[in-house]
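Accompanying notes for the structure given below.
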Amino acid sequence: KKSFSSGLTAMEKKLAEYKCNTNEAIQLKLVRFPEDLEDENTTFNPEYSHQVFGDDEVAFGYKGLKILLYYIAGNLSTLFRIEYTSKVNEKFDCVEADDVESKIREIIPPGFCTNTDDFVSLLEKEVNFKPFGMLLHTYSVHNEEAAEDITYQIYKADMTCPGFREYHERLQTFLMWFIETASFIDVDDERWNYFLVFEKYNKDGATLFATVGYMTVYNYYVYPDKTRPRVSQMLILPPFQGEGHGAQLLETVHRYYMSSPTVLDITAEDPSENYVKLRDFVLVKLCQDLLCFSPGKLMQGFSQEMVMEAQQKLKINKQHTRRVYEILRLRATDMGDAEQSRSYRLDVKRRLIGPYKKKQRELAKMRRCLRPEELTNQLNQIDINMQHEQLEESFQQLVSDYRRVLERLAQA
C-alpha cells in the first residue's frame with residue numbers, strides 16, 4: 001500500500017511540471033520591423049486568460065510552453081504558433097495534454113500565418129495599410145526616448161469601410177487578454193460606432209500607421225427622437241498605456257457627439273475603476289470653463305443649472321455632472337479652513353448617505369415585524385456608528401481620488 005501512495009506523489013510531481021501559467025505562456029507582439037520578432041522588449045503578456053483557459057489560467061501537458069501571437073502593427077495580420085520543450089505522452093502517462101491550439105482558434109479569426117517567413121512577407125505589404133473611416137482628431141506626444149514628437153490620429157469607422165470588418169475581428173481578440181469581463185459584440189447591429197487611435201511612424205522613408213487602441217460605443221434609442229451613446233469597450237494596447245491616449249480618445253468621442261443635436265448624453269456600461277478616473281479627468285477638463293462652474297456658483301452647491309448646461313453643451317449626464325461639481329468644488333475649497341472644509345464634507349456626505357438611508361428604511365421595516373422595540377433602538381445605534389465610519393472612509397477615498405484628478409489637470 002505504501003509504495004503505491006509514494007508512487008502516486010511521484011506521478012503527481014511529474015504532472016505538476018507540465019502545468020504552465022497561460023498569462024506567462026502567451027506572448028504578444030505588435031511588429032513594425034523584422035527585427036522586432038527577435039527583440040524581447042517588444043513582447044508583452046496578457047493580464048487575463050481565464051476566458052480562454054479557465055479560472056486557474058493554466059494549460060496542462062507541456063513544459064516550456066510558448067503561445068506566440070504576433071500582430072503586424074497596423075492591420076494586425078496575425079502569426080500564431082505554439083512552441084514547447086516537451087509534451088506529456090498519452091501512451092506512457094495515460095493523460096492527455098490540453099488542446100491549446102483549438103482554444104486559441106476559437107477567439108482568433110481564420111487566415112493567420114503559422115510560419116515566420118509568411119508573416120515577414122506580409123510585413124512588407126504593410127506600407128499599403130491606411131486607417132479606416134473619417135479622421136476626427138490629430139495630436140502629438142513628446143517621446144523622451146526618441147527625443148521627438150510622435151503624431152497620433154483618431155478615426156471614426158464603421159462596417160461599410162472596406163476591410164474594416166476583418167480588421168475589427170483581429171483587433172477585438174485583445175479584449176480577452178486585457179478586459180476581465182470582455183465579450184465580442186454583434187457587428188451586424190448598425191448602432192455600433194467604432195473609434196480608433198493610430199500612431200504615424202516612418203519606415204524606409206514612407207509613413208505607416210500602427211494601431212494604438214480603440215473604443216466601441218452603442219447608440220441607444222431614447223423616445224421620441226434622441227439617442228444615448230453608451231461606451232461599451234475601451235482598450236489602449238499595453239505598449240501605449242500611460243501616455244494619455246485614453247484621455248484623448250474619450251475627449252474626442254465626447255466632442256464628436258457634442259456636435260449632434262439628437263444625442264442626449266453619454267453613459268458607460270459597467271465602467272472599471274481606471275475608466276472612472278479617466279472619465280473624471282476628461283469631464284472636469286471639458287467643464288471647468290463653463291459659467292455654471294465658476295467658484296462663486298460652486299460654493300452655492302450643486303444646481304439644476306449645472307445639470308442643464310453640462311448636458312446641453314457637453315452631453316454629460318446628471319450623475320457624472322455631480323462628480324464634476326464635487327471635484328471642481330474641492331479645487332475651489334480651502335480645506336485648511338474649518339468652515340469651508342466642513343461645508344464641503346457635509347455636501348458630499350449628503351450624496352453618499354442616500355443609499356444608506358434607503359437601506360436603513362428597509363431594515364427598519366423588517367425589524368418592526370421581527371424584534372422588540374428596545375433591541376431595535378440599540379441595533380440602530382450600532383448601525384449608525386458603523387454607517388458614520390463607512391461614510392467617513394468613502395469620503396476620504398473620494399477626496400484622494402479627486403485630488404489625483406486635480407493634479408493631472410494641473411499638469412495638462
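The values are calculated or read from the model by the stated rules, or taken from the named source; none is laboratory data. Quantities reported herein were computed from a predicted structural model and do not represent experimental measurements. Every residue, glycine among them, receives a Cβ derived from its backbone with ideal geometry; neighbour counts consider all protein chains shown. Accessible surface areas use protein heavy atoms only, side chains included; no ligands, DNA or RNA. Shrake-Rupley method; radii C 1.70, N 1.55, O 1.52, S 1.80 Å.
Observations on the structure shown:
- In the stretch 237-259, residue nearest to L76 (Cα to Cα) [restricted to those that are assigned to a loop (DSSP other than H, G, I, E, B) and open to solvent by 30 Å² or more (accessible area, probe 1.4 Å)]: Q241
- All positions within the stretch 315-352 that are out of contact with any Pro (no Cβ under 6 Å at 6 or more places or on another chain), assigned to a helix (DSSP H, G or I), open to solvent by less than 80 Å² (accessible area, probe 1.4 Å) and closer than 17 Å to L409 by Cβ: H320, T321, R323, V324, Y325, E326, I327, L328, R329, L330
- For E12: the one exception among (1) loosely packed, with under 15 Cβ neighbours inside 10 Å; (2) touching a Leu at 6+ places or on another chain (Cβ under 8 Å): (2)
- Test: residue in the stretch 353-365 that is acidic (D, E) and surrounded by 13 or more Cβ atoms within 10 Å (Cβ to Cβ): no
- Selection of first residues in the stretch 390-412 that are outside the structural domain of Q248 (by the TED database) and at negative phi and of second residues that are of a type in the set (A, V, I, L, M, F, W, C) and outside any helix (DSSP H, G or I), restricted to Cβ pairs under 9 Å at least 6 apart or on distinct chains, gives the following pairs, ordered by first then second residue: V399/M335.
- Per the conditions (1) open to solvent by 10 Å² or more (accessible area, probe 1.4 Å); (2) more than 23 Å from I104 (Cα to Cα); (3) out of contact with any Leu (no Cβ under 6 Å at 6 or more places or on another chain), the sole criterion not satisfied by L196 is (1).
- Exactly one residue out of Q233, Q248 is of a type outside the set (V, I, T) and either outside the structural domain of E144 (by the TED database) or at pLDDT below 95 (or both), and it is Q233.
- Considering (1) in a loop (DSSP other than H, G, I, E, B); (2) without any contact (Cβ under 8 Å) to a residue 12 or more places away in the chain; (3) of a type in the set (S, T, N, Q), the lone condition that T207 does not fulfil carries the number (1).
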